[in-house]
1. May I ask you to evaluate 6.51 cos²θ - 1.76 cosθ + 1.60, the Karplus curve with θ = phi - 60°, for each residue of segment 30-47 and list the ³J(HN,Hα) values in order in whole Hz, giving x for glycine and proline?
2. Rank these for me by crowding, GLU93, GLU54, going from fewest to most other beta carbons within 10 Å.
3. What FRET efficiency, computed as 1/(1 + (r/R0)^6) with R0 = 35 Å and r the Cβ-Cβ distance, is obtained for THR102 and SER52, rounded to the nearest 0.05?
4. Determine the calculated [θ] at 222 nm for the chain from helices alone, applying -39500 (n - 2.57) to every DSSP H run no shorter than 4 residues and normalising by the residue count; nearest 500 deg cm²/dmol.
5. Highest GNM mean-square fluctuation, the chain, Cα pairs closer than 10 Å: which of GLY29, GLY67, GLY97?
6. What size of dipole, in debye to the nearest 20, comes out for segment 12-109 about its Cα centre when the only charges are +1 on Lys and Arg C-beta atoms and -1 on Asp and Glu C-beta atoms?
7. Please order ASP50, ASP15 by the number of other Cβ within 10 Å, starting at the fewest.
8. I need the calculated FRET efficiency for the pair GLN40 and LYS3, taking r as the beta carbon distance and R₀ as 25 Å, to the nearest 0.05.
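Where a number appears in this text, it was derived from the coordinates with a stated rule and is not lab data. Quick caveat: nothing in here was measured; it's all calculated off a predicted structure. Heads up, the Cβs are rebuilt from the backbone with ideal geometry, glycines too, and the neighbour counts pull from every protein chain shown.
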Amino acid sequence: MHKNIGGDRPTRVCDTCGLVDDHPRHTIGADPGRDDRPGQDVIAIVLGSDHSPEIKALAVAQLVEPGLYRHLDCCRAVGCPDGTCNTQTAGAETLRGGALLTHLEGLVSE
C-alpha cells in the first residue's frame, strides 16, 4: 500500500497495478472499442489489501466504471495511449506520490 498524499485528494484504485491510493493518475475516458474491465489480478490485489471495508467498497465500485484510472508510471509502463504520461514524468521516472505531485505542479508553474 502506498502512503496517501492527503489534502482531500480522491482515493482511487489503479486499473493497472491494483493499488488503492490518492497518487497522481491518468484518467482515460471510456472507449467502446476497448475492454476496460480490470483483470482478476487487479481485483485480487484490491480485495486482499489492508484497506478498510469502506475504501475497498469504493475501489470495487470504481472498477466497474467505464474508462481507466492509472498511476502515471503504470500508464507509461503499459503504453500511455496519448503519450502524456511519458512527457509529464520525463526526468521524474522514479518519483511516486507526493514527490511526483510536486514535480507535476512544477510543470504547471513553468
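1. Karplus-based 3J(HN,Hα) across segment 30-47 equals 4, 9, x, x, 10, 8, 8, 5, x, x, 4, 5, 5, 4, 4, 5, 4, 5 Hz.
2. Ordered by Cβ neighbours within 10 Å, fewest first: GLU54, GLU93.
3. According to the calculation, E is roughly 0.80.
4. -11500 deg cm²/dmol
5. Per the Cα network of the chain with a 10 Å cutoff, GLY29 tops the list.
6. For this selection, approximately 60 debye.
7. ASP50, ASP15
8. The value I calculate is 0.40.
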